[in-house]
Structure formats: structure tokens, C-alpha cells
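Worksheet for the structure shown next.
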Amino acid sequence: MRRVLGFAIRRTAAAVFTVLAMVTLTFAIFWMIPGDPASFLYPNTQHVTKYEIKRADHLLGVDRPKYVQLGDYIWHLAQGDLGTAWTSIRVNADQKVVGLPVAPPLINAARVTGSIVLGGVLLVLLFSIPLGALAARFSRTALDRTILLVTLVGICLHPMVVGLIMRTFFGDDLHWLPPTGYCNFLHGSAAPVAPQNLGINAPTTCGGPIPWTEHLILPWISFALLFLAIYTRMIRTSVIETLRQDFVRTARAKGASENRVMVHHALPNAGIRVLTMVGLEIGTALGIAVYIESAFGMEGLGRLSVSILIGTLALDLPEILGVVVIVTLIVVVGNLIVDILYAVVDPRVSAFGTRPKETLSGRVV
Amino acid sequence: VPAIGEAQSDAYGRLLPPPAHTKTTLLILGADGPLGRDELIRLLDGGRTSLEIAIGGMLFALLFGVPLGFVGGYFGGWADAAVSRVTEMVMAFPLILLLVMLSVRVSSTLTPIALQPLIAPGVFAVSLLIGIFTAFYPARLVRAQVLTLRETEFVEAEHMIGASSWRILSKHLLPHLAPTLLVWAAVAIGTNMLLEVGISFIGVGVQASTATWGGLLSTTWGTIYQPQVYSAAKFTIWQTLFPTVVIMLTVVALNQIAEGMRSALEPWETA
């Protein structure tokens, strides 16, 4: 237990370092690319005077030394303050800058994306583990080939196309499920709107577990189709590898049935590998969410991030930093949980931090 | 005179059937939407551009990734720490967000770089961006292998006869890495192809006049800002089916090549 605790502390330090490094990197990119902060304060002015540029820089704090800007941001970040979105700022009567905070719309969007990704991952595991085990058990037979071929279709279709086809047929045509939108799990509430909200769908007001599930079934399936192929193949390979091991031969020699060997000996080993993959692919999952959210008209983190990063006027530094921080946090915390689980679950890992060999598949999409 | 692949339309932009006496138009797969360009030609031409982007991205990734992995694995110490940390950081962040962030800012300077008429404008930019951000996979593969190869006897013997680091890396370690990198390359081309589809859907890919398979899909289904819902009046199922089928065939073929190469080059790895 002590070892696990020490490991957890070390990994947490590394996670904090990663977030700080990403923030620094974003600042560095922002300083390298000539931005135009004045256009946020004077959006309707054709020609901004030098005085106005200086005043805008001063009000936004961009004229301070670079290390002060960075330190100030990190200090506020440590207190959980992500700052004010430049896109929404105005100067009030007292010559003070006021605007909408960055965090609430991002956190609200993260909730949408979290619902899609968590449910999707659950669905992937629910199908890929039995399919992978089945393919491994009957490897090199017609059943094996069929499973591999059918799941392969998933990675050849783009998630956005899958999503739009499903939405069109099951949502718009057949009316089985709602084609667009998102409902809160607990209760309906007006969602905080980001400045980048393009007005494609109104803030959610519906709520409850049943509408929530109804709105998410199609996104979950579109999400799962893509990862099903990768995970089924991985589990198949892992199970086949394990079935060759000596302890499996021993188990068979003791008279264990083939089903028992599979469930008690081969699958737990594959499970460890799946755990690692899930941790590694959190970033990918957020990327996929961009398309799923667009196809189903949801205001999720992925889509919001893309619209913030593309930007409308000029680089909105606090919002971009907000996206970077939130996304990095999700990935880092997810990895942390997986790492610690991994250390707890796998008794073979004595030197923590070593992970099983990575697959060659890389990231899709 | 209409060029091959252009359908005639009337004053309202509606498509006319191809003239009976000409054999210049094929249109055996129909037209590609409101502009009425020949879907077959677009598909064939798009395949060329898509493959250029995918292969270009793979080559750039090797160009950046292999030296990075060599430096990390061979020299160790702080160089390795730096390479590993940067790699982990970039791999953790969603790839598509990184591509979007840079492509919007950088592509205006990169897009004009083209070897016309060989390579269309924008192809270079997209493949360079894909290459930069996927370079971390070969880097990790190379690093892991060099890390173990570094300790072997033959490298020790090289050191003993006074071979330089460059000679060891290029003459003795690189051949050992070739099988892994070849397999990775085949998989990466397929992955890049799907990435290109994603980039087209975000609307920051090559310009719409140049056909790519991703571009064909995104002209039909819209971008992530304005997704198009299927309507029989606007488009037919073929406009989705054909690009999807060719992408699928290519990706499956590339995966098969990778599998085949893996079992030929690393027979002990096959399951």
C-alpha cells in the first residue's frame, strides 16, 4: 500500500507538471503569433489608433512582462479561476473590464462529452470483450474471420458519417430516438452559453435519466463502432498470446474446461491490457467526440474547443488556455486513475511505471 | 466543349442529361452534387490527392520521428527525458485539436507551397502538419528498440573499434529498425487517410476545388459547423457510398499489407 501511495504521489507531481508545461507552451505559441487583442475591445472599429491598441493591451494585461503574465495565470489557475473570455469583454462605466467567465460553459460542455465518452467506452467493452474472446477461442476459423471483418468496417467509416447516417434514419426519418440535442441527467437547467455558441441549438432545458439516455443512445453507438474494431483485435491478440502460456497449459492439464480457462485465466490478462489502452486513448476519444457532437448537434467540449481554437476575431487567449487546461486535465487525471488502478490490479508490476507493450495500431482519426 | 467529367446544366443550375452524341462524359457513378462534376473522375483524382497527403504525412513523420527516437534512445540522459516528456505531452492531447490550432494559423503561409501541376496547393501543408503531430509514434518505436539494441554486443564491438555514433546509428542500428518502421508506415498511411477525412470535416483541409476522399464526403455531409442532414432532394446515397468504399478498400488493403509484412519480417510476433 505504501508503495502504491508513493507511486500515486509521484504520478500526481508529473501530472501537475504536464498541465503547467501545456500552459507555458500555449503562452509561447500566443507570443509567437502576432495577435490582435485590441480587436476584442473595439470590435466595430475599422482603424484602431495606437492609443487604443496600447489601452487595450493595458486593460487586458498583455503589456506586462511575459513571466508576470504566465505567473499571474498560474496563480489564478491554482485557485480554480480560468479568467474572463476576451470575446465577451466590454469596458463598463468605471473604465473596468467586465466579461463572461471562461470556465462555466467549458465545464458544462465537458459534462456532455463525458456522458458520450463514458457510455461509449462502456458499450465498447461490453461488446469487444466477448467478441475478442470468441475470436481467440475459435482463432483462424470462419467465425474468427467474420468477427474481424465485420468489426473492421467500423474503422473504415468516419464517425461523423456514421453519426449523420444514424441520426438521419433513426432520428429524422423513423422518429425512434431524438435526432439532436442533449438532456441533463438530473434536472433541466439553462446551460451557460459560450460566446462561440453558433446558435445551432438552444440551451438545454430538459432533464432526467430517461431523456438523457434517449438522446445519447445514437451517439454511444456511433462512438463505439469506431473503437470496437481496435479493441476486439487487441483482446483477440492478447488472449491468443495468453493461451500459449505455461500456466494455461497447467490449468488445462488440471482438467479445467475451456470456458473456465478463458474466463479465469486468459481474460483477466487481456483486461489489464485493455485498461492501459483506455488510459492511452482518452485524448483520441475527445477528438472523436468533436465529430459525434457535431453530427448530433450537441454543445460538447470537442466542438466548443474546435470553435474556440479556430477563433472568430483574433486569438482569445483566456479561452484557448481554458480549453488546453480542461482537456489536459481530463487526459492527465484519466491517465492517473488508470496508472494507479494498473499498479493496484497487476501484482506482477513491482517497478511501477512500466506498462505492457504498446500495440502498433496508433491513433485512428 | 465540355471537358471530361463536366455535366451540362441549364440556366437554373439543374443538371441536364449528358448529350447523346458525345462520349466525353462518363458519369457512370453520377454527379457529385450541385456542381454536377463527374463522381468517378472526382473519386479517381481524389484518391491521388488523398494518397499524396497520407504518404506525405507518413514520410514527414519518419523524417522528424526517427532522429528524435534515435536521440532519445541512443544518448539517454536528459535528451531522452526531454524527448519522452514532449512525446507524452503531445500524445496525450487530442490530435485533431492540435491540427486545428496550427492549421488555421500556419496554413496561409504553407498552402502556396506546391509543385504544380504535380502537387495541388494545400497538400504539402496538410501532410506536413499530419507529419509533425504523428512523428511521435515512430519516435517511440525507434526509442524503445534503440534502448535495447544499445546494450547488445555488436554495438559494444562497434564502440571498441572506434566507430562514430553516426556510423553506428546509420549503418548498424537503422537496418534493425527497418522492419518495425515498414509495418508502421503501412498502418500510418491508412490512419493518415482517415485523419484527412477528419480534417476535411473540420473545414481546414485542402481547398474544396481539389478533390480528396475526405473532401468528397464533407461536401456531401457538410462541416462540423453545418452538418447536412440527408435529404433525397439534395444528394444520393452514392455520394457517401463510393468514397466510403474506396477508403475502406484502401485502409483494409494497407492493414493487410502491414499484417503480411509483420508476419514476414517478424515471424515470432504473429498471433
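Quick notes
- Residue selected from region B:142-169 under the condition of a type in the set (D, E, K, R) and without any contact (Cβ under 8 Å) to a residue 60 or more places away in the chain, by the criterion surrounded by the most Cβ atoms within 10 Å (Cβ to Cβ): B:GLU158
Each row is one residue, and each column tells you yes or no for (1) on the phi < 0 side of the Ramachandran plot; (2) touching a His at 6+ places or on another chain (Cβ under 6 Å).
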residue: B:GLY162; (1), (2): no, no
residue: B:ALA186; (1), (2): yes, no
residue: B:ILE189; (1), (2): yes, no
residue: B:VAL197; (1), (2): yes, yes
residue: B:GLY205; (1), (2): yes, no
residue: B:THR210; (1), (2): yes, no
residue: B:LEU217; (1), (2): yes, no
residue: B:THR223; (1), (2): yes, no
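- Yes/no for A:SER294 being in contact with a Lys or Arg (Cβ under 7 Å, 6 or more places away or on another chain), within 24 Å of B:ASN255 (Cα to Cα) and in a helix (DSSP H, G or I): no
- Verdict on B:HIS172 being within 22 Å of B:PHE60 (Cα to Cα), in contact (Cβ under 8 Å) with a residue 12 or more places away in the chain, more than 8 Å from chain A (Cβ to nearest Cβ) and not charged (D, E, K, R): no
- Neighbours by Cβ (under 8 Å, 6+ apart or cross-chain): first from region B:44-57, among the charged types (D, E, K, R); second surrounded by fewer than 20 Cβ atoms within 10 Å (Cβ to Cβ): B:GLU52/B:ILE119
- Verdict on A:LEU267 being part of a loop (DSSP other than H, G, I, E, B) and either more than 17 Å from the chain's Cα centre (by Cα) or free of Cβ contacts under 8 Å to residues at least 24 places away in the same chain (or both): no
- Region B:75-86 - residue that is crowded, with 16+ Cβ neighbours inside 10 Å and more than 12 Å from chain A (Cβ to nearest Cβ) and, of those, farthest from the chain's Cα centre (by Cα): B:ASP80
- Among residues of region B:195-212 that are within 9 Å of chain A (Cβ to nearest Cβ) and over 12 Å from B:GLY122 (Cβ atoms), those with a beta-carbon under 6 Å from a residue that is among the aliphatic types (A, V, I, L, M) and assigned to a loop (DSSP other than H, G, I, E, B) at least six positions away or on a different chain give the pairs B:GLY198/A:VAL365; B:PHE201/B:ILE224; B:ILE202/B:ILE224.
- Only one of A:ARG260, A:ARG303, A:ARG252 that is on the phi < 0 side of the Ramachandran plot, surrounded by 20 or more Cβ atoms within 10 Å (Cβ to Cβ), among the charged types (D, E, K, R) and in a helix (DSSP H, G or I): A:ARG303
- Failed item, numbered, when A:ASP36 is tested on (1) surrounded by 12 or more Cβ atoms within 10 Å (Cβ to Cβ); (2) within 14 Å of chain B (Cβ to nearest Cβ); (3) part of a helix (DSSP H, G or I): (3)
- Selection of region B:180-216 for residues being aliphatic (A, V, I, L, M), assigned to a helix (DSSP H, G or I) and over 30 Å from B:GLY260 (Cα atoms) yields B:ILE202, B:LEU216.
- Consider region B:98-138 and keep the residues that are within 12 Å of chain A (Cβ to nearest Cβ) and more than 27 Å from A:LEU315 (Cβ to Cβ). The one that is modelled with the highest pLDDT is B:PRO138.
- Search result, residues across region A:130-167 that are among the polar types (S, T, N, Q), modelled with pLDDT of 85 or more and assigned to a helix (DSSP H, G or I): A:THR146
- Here B:ILE247, B:ILE224 are screened, and the one residue that is within 12 Å of chain A (Cβ to nearest Cβ), in a loop (DSSP other than H, G, I, E, B) and either in contact with a Gly (Cβ under 6 Å, 6 or more places away or on another chain) or surrounded by 21 or more Cβ atoms within 10 Å (Cβ to Cβ) (or both) is B:ILE224.
- Residues that are within 8 Å of chain A (Cβ to nearest Cβ) and touching a Gly at 6+ places or on another chain (Cβ under 6 Å), drawn from region B:227-240: B:GLN228
- Among the residues of region A:306-322, those identified as at the interface with chain B (Cβ under 10 Å from one of its Cβ atoms) and surrounded by fewer than 24 Cβ atoms within 10 Å (Cβ to Cβ) are A:SER307, A:ILE310, A:GLY311, A:LEU315, A:ILE320.
- For region A:328-339, the criterion of being among the charged types (D, E, K, R), surrounded by fewer than 20 Cβ atoms within 10 Å (Cβ to Cβ) and either under 30 Å from A:ASP63 (Cα atoms) or out of contact with any His (no Cβ under 6 Å at 6 or more places or on another chain) (or both) is met by no residue.
- Criterion applied to A:ALA109, A:ALA21, A:ALA28 was being in a helix (DSSP H, G or I) and in contact (Cβ under 8 Å) with a residue 12 or more places away in the chain, and the one residue passing it is A:ALA109.
- Filtering region A:76-91 to residues that are part of a strand (DSSP E or B) and either of a type outside the set (S, T, N, Q) or in contact with a Phe, Trp or Tyr (Cβ under 9 Å, 6 or more places away or on another chain) (or both) leaves A:ARG90, A:VAL91.
- Hey, B:ALA61 modelled with pLDDT of 85 or more and either more than 14 Å from chain A (Cβ to nearest Cβ) or assigned to a helix (DSSP H, G or I) (or both) or not: yes
The values are calculated or read from the model by the stated rules, or taken from the named source; none is laboratory data. Every value quoted in this text rests on a predicted model; they were computed, and no experiment measured them. Here Cβ is always computed from backbone atoms with ideal geometry, including for glycine, and neighbour counts include all displayed protein chains.
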